[in-house]
Amino acid sequence: MYLTHRIAAASLAVLALATSTWAQSDVPRIGSEFIPPDAVVTAVLSVGDTMASPAAEMYPTEIADAWFKENIGILASDIDKIKLVVGAPGPGEPMAGVVVTLNKSLNVSALNQEIIKTQEPMDMDGVQVFPIMGPPGMVMHVKDAKTVLLGTGSYLGSMLRAADADASGPLASMAASVPHSATMTTVVAIEPLRPMINGLMQMQADQIPPPLMEFTKIPNLVDALLLRVDLEDPSDALRLVMLAGDESKADELMGILENGMQMGQQIFLAQMNEQIPADDPVGQATRQYMQRLSDQYVEMMTPEKEGRRLTIRSEATQGIASQGVLIGLLLPAVQSARQASRRMTSSNNMKQIALAIHNYHAAYRKLPSDIVSEDGTPLLSWRVALLPFMEDAGLYGQFKLDEPWDSPNNLPLMAQMPDVYSHPGMVTAPGTTVYQRPTGEGFMSAAEELKFQQLTDGLSNTIMGVETLAQDAVEWTKPADVQLDGGDPVGALDDGTRQGFNVMLADGAVLFFSNTIDQDLFKAMLTRAGGEAINPAGFR
């Protein structure tokens with residue numbers, strides 16, 4: 001009954017597609033060959049026609065031929081078509097395979113033996129296959145002189161059984177009628193995937209932000225997706241068709257997509273406006289450009305609705321504009337990724353410093369402090385004292401510990417600052433660092449000799465080190481650190497140019513604090529024995 005329902009749904013989908021401008025009787029179809037009943041995705045790529053097309057004149061076809069010859073044993077230009085078939089995901093090995101149609105007979109002995117073990121044939125349910133070096137279970141079968149199948153062993157058999165059979169299953173029924181006269185045509189049958197998609201969404205429902213909940217309806221509205229790419233059709237180079245269950249579902253889908261476009265545009269503009277100053281002509285012009293860019297993106301990506309079909313088209317002449325739009329949309333994401341990467345690198349630096357501090361305490365039963373003279377005059381930073389615990393004992397041995405940091409012997413050593421003291425995203429003077437101890441009344445740095453046992457507020461509630469602003473960087477060998485016992489310690493670490501800063505706790509953990517952290521909470525964490533009640537959930 002369930003299979004009958006699936007085939008009926010597919011038949012309706014085929015009927016809807018047949019009325020489109022794609023379904024012309026004089027063009028070839030994707031075809032149902034090699035598509036098992038449980039398949040959910042198929043794609044056909046016309047390799048030979050693409051490489052011979054004038055549109056591909058500037059493509060590196062020579063490089064492609066050379067790479068295929070060296071690594072596979074055939075030329076890329078020997079390939080006529082590639083047909084990808086993907087089955088419904090399951091608990092076992094991947095259910096996927098590829099059918100390669102050649103424009104000349106295959107010379108099996110010429111294939112690369114390091115990749116395809118043609119000298120080690122195996123029998124698989126009465127079919128000869130050759131193992132492929134790569135993903136486990138991958139094999140190759142030569143069906144005839146110009147047809148080769150590659151895929152996982154279990155799925156290859158299903159594809160061979162569907163090689164000459166009549167269309168069976170939702171995807172095969174659609175593929176039998178969908179035309180393929182382009183560079184690439186892809187069909188996705190959503191109906192067989194719907195239970196799995198809905199199940200995953202239900203499992204993640206509590207993690208989906210309310211504004212995005214509307215998008216969880218889409219799998220129940222769409223029956224199939226079709227993507228067509230044609231390098232030789234400048235007026236219709238790319239076409240994406242979403243086939244809804246019926247016209248009312250198409251109307252609902254259209255509303256969700258339009259709302260999504262508007263939401264995406266608002267988020268994009270909000271992110272860009274945060275980064276672009278509005279108090280100068282260039283900044284104002286950039287904001288206008290971003291508005292125009294996002295307007296164009298929304299116009300390009302808003303579908304055309306016709307009955308059950310929602311279609312997004314792109315002309316070849318829109319390629320440069322599309323790239324500009326995509327680059328513009330990616331700018332905030334790229335910037336965020338860079339910031340996250342730098343934040344993580346800085347966090348790792350601080351974790352290494354914290355580990356060295358703990359190792360120092362284990363060795364000397366006290367925390368490291370500035371190196372001082374016999375009369376208590378500070379000479380060198382605690383950062384120098386940590387060198388033997390950061391695999392820099394050689395550098396540590398070059399310092400004269402009874403001389404100040406700027407003595408003729410010690411000052412040149414400032415240029416050898418270890419990488420762990422260098423912030424990845426801040427521009428500071430050579431030999432200076434933003435990794436400092438917070439200094440102030442009752443802080444960890446206030447005591448010359450201090451043990452972890454004296455941190456009565458708790459190691460996880462006491463700040464041991466901070467990441468200062470670039471303008472507050474100090475010479476790493478100098479016995480100097482940032483003063484944070486003023487009225488606005490958060491403002492001293494973030495002047496509004498960043499969203500927060502890393503802090504190093506006495507237990508070795510490194511946390512990122514937003515610049516919106518409560519001042520009283522932050523002040524309480526700066527003291528080592530203040531007795532304040534601190535809820536760790538408030539800042540972790």
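The values are calculated or read from the model by the stated rules, or taken from the named source; none is laboratory data. All figures in this text were calculated on a predicted structure; none of them were measured in a lab. All Cβ positions, even for glycine, are placed from backbone atoms using ideal geometry, and neighbour counts span all protein chains on display. SASA here: full protein model, heavy atoms, side chains in, ligands and nucleic acids out. Shrake-Rupley method; radii C 1.70, N 1.55, O 1.52, S 1.80 Å.
Taking amide H atoms as placed 1.01 Å from N in the peptide plane, the amide H of residue 236 lies under 5 Å from those of 316, each 5 or more residues away in sequence or on another chain.
Take every pair of alpha-carbon atoms less than 8 Å apart whose residues are at least six positions apart; their mean separation over the length of segment 137-185 yields a relative contact order of 21 percent.
Full extension of the chain between residue 400 and residue 292 gives 32.6 nm of extra length, using 0.36 nm per residue less the Cα-Cα distance. Around the Cα centre of segment 179-233, unit charges on the Cβ atoms of Lys, Arg, Asp and Glu (plus for the first two, minus for the last two) sum to a dipole of about 200 debye. Stretching the chain fully between residue 485 and residue 62 yields a gain of 145.5 nm (0.36 nm per residue, less the alpha carbon separation). Positive-end ranking of 512, 129, 86 along the dipole of the chain, with charges on Cβ about the Cα centre, is headed by 129. Taking the Cα-to-Cβ direction at residue 301 and at residue 362 and moving 7 Å from each Cα, how far apart do the two end points lie in nm? Between residue 301 and residue 362, the label points sit 5.1 nm apart. Percent of accessible area on the chain owned by carbon and sulfur, 1.4 Å probe? Percent of accessible area from carbon and sulfur atoms in the chain: 56. Solvent-accessible area per residue in the chain equals 51 Å², computed with a 1.4 angstrom probe and all protein chains kept. The residues packed around residue 219, meaning those with a beta-carbon under 13 Å from its beta-carbon, carry a net charge of -1 if Lys and Arg are +1 and Asp and Glu are -1.
Quick one: dipole size for the chain, taken about the Cα centre, charges +1 on Lys/Arg Cβ and -1 on Asp/Glu Cβ, in debye to the nearest 20.
Roughly 1000 debye, rounded to the nearest 20.
Full-extension gain between residue 507 and residue 27, please, as 0.36 nm times their residue separation minus the C-alpha to C-alpha distance. Contour length minus the Cα-Cα distance gives 165.8 nm. Near the amide H of residue 163, within less than 5 Å, lie the amide hydrogens of 34, all on another chain or at least 5 residues away, with H placed in the peptide plane.
Partners of residue 305 within straight-line reach, counting aspartates and glutamates whose Cα lies under 13 Å from its Cα and excluding those fewer than 8 residues away in the same chain: 246, 247, 251, 252, 258. A straight line joining the Cα centroids of segment 473-495 and segment 69-91 runs 60 Å. Computed from Cα positions, the angle between helix 281-301 and the longest principal axis of the chain comes to roughly 30 degrees. Here the average projected area of the convex hull drawn through the C-alpha atoms of segment 32-73 stands at 4.6 nm². Per residue, the average separation of C-alpha pairs within less than 8 Å and at least 6 apart gives the chain a relative contact order of 10 percent. The string of couplings for segment 64-76 from the Karplus curve (6.51, -1.76, 1.60, θ = phi - 60°) is 4, 4, 5, 5, 5, 4, 6, 9, 10, x, 10, 8, 4 Hz, one whole number per residue in order, with x for Gly and Pro. Taken about its Cα centre, segment 219-262 carries a charge dipole of roughly 160 debye when the Cβ of each Lys and Arg holds +1 and the Cβ of each Asp and Glu holds -1.
Which of 265, 253, 229 sits closest to the plus end of the dipole of segment 221-268, meaning its Cα is farthest towards the positive end, when Lys and Arg get +1 and Asp and Glu get -1 on the C-beta? Toward the positive end, the furthest listed residue is 265. Using the Karplus relation 6.51 cos²θ - 1.76 cosθ + 1.60 with θ = phi - 60°, the per-residue 3J(HN,Hα) values for segment 38-54 come to 8, 5, 10, 9, 9, 9, 10, 10, 8, 6, x, 4, 5, 5, 8, 6, x Hz, with x marking Gly and Pro.
Using R0 = 51 Å, the C-beta based FRET efficiency linking residue 200 and residue 144 works out to 0.80. A simple spin-label model places the labels of residue 235 and residue 69 4.0 nm from each other, with each point 7 Å out along Cα-to-Cβ.
Put a dot 7 Å past the Cα of residue 258, heading toward its Cβ, do the same for residue 532, and the two dots end up 5.2 nm apart. Think of it as helices only: each DSSP H run of n ≥ 4 in the chain is worth -39500 (n - 2.57), and spread over all residues that comes to -11000 deg cm²/dmol at 222 nm.
For the pair residue 248 and residue 113, what calculated FRET efficiency results from E = 1/(1 + (r/R0)^6), where r is the Cβ-Cβ distance and R0 = 51 Å, to the nearest 0.05?
Details: r = 58 Å, r/R0 = 1.14.
For residue 113 and residue 248, the calculated efficiency is 0.30.
Remark: the chain is approximated by an ellipsoid whose semi-axes, taken from the C-alpha gyration tensor as √(5λ), come to 61, 31, 24 Å, largest first. Over all orientations, segment 249-305 has a Cα convex hull whose mean projected area works out to 3.8 square nanometres. For the chain, the longest principal axis of the alpha carbon atoms and the long axis of helix 2-18 meet at an angle near 80°.
Sorting the segments 359-365, 243-249 by their residues' average number of neighbouring beta-carbon atoms within 10 angstrom, most packed first, yields 243-249, 359-365.
Think of the chain as having a plus end and a minus end, set by charges on the Cβ of Lys, Arg, Asp and Glu; of 482, 459, 189, 189 sits farthest toward the positive end of this dipole.
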